[in-house]
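Quick notes on the structure that follows.
The values are calculated or read from the model by the stated rules, or taken from the named source; none is laboratory data. What you see is a predicted model; the values in this text were computed from it and never measured. All Cβ positions, even for glycine, are placed from backbone atoms using ideal geometry, and neighbour counts span all protein chains on display. To get the accessible areas, we keep the full protein, side chains included, count just its heavy atoms, and leave off ligands, DNA and RNA. Shrake-Rupley method; radii C 1.70, N 1.55, O 1.52, S 1.80 Å.
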Amino acid sequence: MVPREFRLSPLGARVFCVIGGIKMDVLKRLTELKDEARTRLQAASSEEDLEKVRVDFLGREGLLTGILRGIGSLPVEQRADVGSLGNRVKGDVESQLEEARDRVRAGQRDQQLRGEGIDVTAPGRAMPMGRYHPLMQTLDEVLEVFVAMGYAVARGPEVESEWHNFTGLNLPADHPARDMQDSFYVTDELVLRTQTSPIQLRYMQRFAPRLPVRIVGPGRVYRRGDDDVSHSPVFHQCEALLVDRNVTFGHLRGTLMDFARRLFGDEVEVRFRPSYFPFTEPSAEVDVSCTACGGRGCSTCSGSGFLEILGAGMVHPQVLKNGGYDPEEVSGFAFGMGIERLAMLKFGIGDIRYLYENDVRFLQQV
Ligand code: DAH
């Protein structure tokens, strides 16, 4: 900044000031200041540059401020000219400063954005994703089919009374069928449930005498025994129960065919084989045409072309009675299926233990 000693002196019509010992024409000086300010603002590239220009021209000690402040000491007739030009120059410098500030800020923003720029062609970072366990996927599919048919989902305790697990389902203490299932006893009267069938009984007891009863009951069950390719001491079943007036074996058959087709596709064939369960009469085992070979016969179905998927039957009159229903008035059907088995068929899994080891290399495939 030019060192200056500022003084206005009247000389005729023209006004002079002395800057750095040089006498100058004030009006001309104002015009020069305007140009100087413009030149410096155009060259400014940072907020600091701008601030310096502002201080030099408009600050308390600034060049323009000095001239404007000196107006009061000018002869009266000259004040108007100097004042009006001075104020115009001041306004002009202010608006140029504003413009330059916008330009500098836009430039800074551009630069910042360029710095923060992302390379959209860079390879992404892999996000490890959890997934639903194949068993639960299968169970969900089963439940969805039945919920769509109007069934409600019911649950029961895993530590079950002996009565609900066995006796109430028509397996008295000396019944040979009790030997079919080796059980984990918690006390003399409590057992880890060996099947989901007690859910039927508990639901009927709570719901009777209302109709219809229409439930699916999924859950974990426990059996002592081998731990091999097709057996696990803990596994999952899903039970179904329908009780109403005039329910027939035909309804059971239709329901299971519909279920099998929704789960395995329209092409699947469904076969009923006579069987025995103490809580149903008559009882049946239900097979579907082999999902691996389509029914021609392969190692999965041991050449038979069929795979067993569930046990079913018409609810035994005594079980209806135990549930609080009158077997003269109502009838019902029930069935129960193993979820591990369905999952193994659906995903082509050869060993039940894969479902429990939770090896991520296995889980990632399904
Ligand atoms: N609870 C039987 C089992 O664990 C399966 C079963 C068969 C359930 C027939 C039923 C049924 O409800 O009617 O092997």
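Our coupling estimate for segment 116-122, obtained by passing each phi through the Karplus curve with A = 6.51, B = -1.76, C = 1.60 and θ = phi - 60°, is 8, x, 10, 8, 5, 8, 5 Hz, Gly and Pro reported as x. Between Ser304 and Cys298, the built amide H atoms are under 5 Å apart, and every one of these is 5 or more places off in sequence or on another chain. Loop-located trypsin sites (Lys or Arg not before Pro) across segment 73-146 with a Cβ neighbour count of 13 or fewer within 10 Å are Arg125, Arg131, with loop assigned by DSSP. Amide H contacts of Ile309 (H built 1.01 Å from N, in plane; Pro and chain starts excluded): Val286, Asp287, Val288 sit under 5 Å, all sequence-distant by 5 or more or on other chains. Computed from label points 7 Å out along Cα-Cβ, the spacing between Lys28 and Ser230 is 11.4 nm.
DSSP loop (so not H, G, I, E, B), at most 15 other Cβ within 10 Å: list which trypsin sites (Lys or Arg not before Pro) in segment 145-247 pass both filters. Within segment 145-247, the qualifying trypsin sites (Lys or Arg not before Pro) (loop, at most 15 other Cβ atoms within 10 Å) are Arg155, Arg210, Arg224, Arg245.
For the chain, the solvent-accessible area of protein heavy atoms averages 55 Å² per residue (probe radius 1.4 Å; ligands and nucleic acids excluded). Taken one residue at a time, the phi angles of segment 124-137 give Karplus couplings (6.51, -1.76, 1.60, θ = phi - 60°) of x, 8, 5, 9, x, 10, x, 9, 6, 4, x, 5, 6, 4 Hz. Gly and Pro are set to x.
For segment 150-238, the set of GluC sites (Glu not before Pro) satisfying both a DSSP loop assignment and a count of at most 10 other C-beta atoms within 10 Å is given as Glu189.
The portion of the accessible surface of segment 208-263 made up by carbon and sulfur, rounded to a whole percent, is 46 (1.4 Å probe; DNA, RNA and ligands excluded). Using 0.36 nm per residue and subtracting the Cα-Cα separation, the extra length available between Arg361 and Arg210 on full extension is 49.5 nm. When only alpha carbons are used to place a centre, segment 70-128 and segment 304-366 end up 77 Å from one another. Counted by Cβ distance under 11 Å from Arg273, the other residues give a net charge of -2, where Lys and Arg count +1 and Asp and Glu count -1.
The string of couplings for segment 344-354 from the Karplus curve (6.51, -1.76, 1.60, θ = phi - 60°) is 5, 5, 5, 9, x, 9, x, 9, 4, 5, 4 Hz, one whole number per residue in order, with x for Gly and Pro.
Under 5 Å from the amide H of Asp25 lie the amide H atoms of Cys17, each residue being 5 or more positions distant or on a separate chain, with H modelled from the backbone and absent for Pro and chain starts.
Work out, step by step, the length gained on full extension between Glu36 and Met127: first 0.36 nm times the residue separation, then minus their alpha carbon distance; give nm to one decimal.
In short, 26.9 nm is gained.
With respect to the chain, whose longest principal axis is taken over its alpha-carbon atoms, helix 47-58 is tilted by about 30°.
Positive contributions from Lys and Arg (+1) and negative ones from Asp and Glu (-1), summed over other residues with Cβ under 13 Å from the Cβ of Gly83, come out at +2.
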